[in-house]
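All remarks here apply to the structure that follows.
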Amino acid sequence: MKIKCIAGFASITKDASASAALYQDALGLPLEQMGDYRFMDNFPGANHFGVWPLVMAAQSCFGQNEWPEQVPEPTATIEFELTDAAAVEAAVQEMKEQGQEFVHETRTEPWGQTVARFMSPEGVLVGLSYAPWLHE
């Protein structure tokens, strides 16, 4: 078997309206609608796929090995790449003005990525990101 690309990613939600409000309205993704299903095709693809241990996600988000009990434990993560580090901070401020709470504010990770993360209504850890190596 030879995997050619990530053909798709979809979050699974119990509250389609809340998820649509996040991805379409707050993040501005050009989602089409087919019944209750929202989607976009032929959008620039995934530049990274990983299997991220929860302990590593907890270290990255909270600086500790355990995921805090008061924050829903994610089963997936998705990151939306922005044009630069300043765009990440601007997006965070825009979303905070709309009432979005963040797991952590904008910061630069040891590997050079600028990222801020929040939880989606369906429990996906969402990152707003700038990874310099994706822009070379």
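Structure summary
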quantity	calculated
Members of region 100-124 that are of a type in the set (Gly, Ala, Ser), surrounded by fewer than 19 Cβ atoms within 10 Å (Cβ to Cβ) and modelled with pLDDT of 95 or more	none
Residue satisfying all of: in region 14-36; small (Gly, Ala, Ser) and within 17 Å of Glu122 (Cβ to Cβ); most open to solvent (accessible area, probe 1.4 Å) among these	Ser17
Scan of region 34-93 for residues that are among the β-branched types (Val, Ile, Thr) and without any contact (Cβ under 8 Å) to a residue 60 or more places away in the chain, ordered by number	Val51, Val55, Val71, Thr75, Thr77, Thr83, Val88, Val92
Flag for Ser11 being in contact (Cβ under 8 Å) with a residue 60 or more places away in the chain, under 16 Å from Val126 (Cα atoms) and either open to solvent by 80 Å² or more (accessible area, probe 1.4 Å) or under 17 Å from the mean Cα position of the chain (by Cα) (or both)	yes
Answer residue from region 37-66, given it is within 18 Å of Glu105 (Cβ to Cβ) and of a type in the set (A, V, I, L, M, F, W, C) and is surrounded by the most Cβ atoms within 10 Å (Cβ to Cβ) among those	Cys61
Flag if Phe102 is assigned to a strand (DSSP E or B) and among the aromatic types (Phe, Trp, Tyr)	no
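The values are calculated or read from the model by the stated rules, or taken from the named source; none is laboratory data. Note that the structure is predicted; figures quoted are calculated from it, not measured. Glycine gets a Cβ as well: all are built from the backbone with ideal geometry, and neighbour counts include every protein chain shown. Keep in mind that these areas ignore ligands, DNA and RNA; they rest on the heavy atoms of the full protein, side chains included. Shrake-Rupley method; radii C 1.70, N 1.55, O 1.52, S 1.80 Å.
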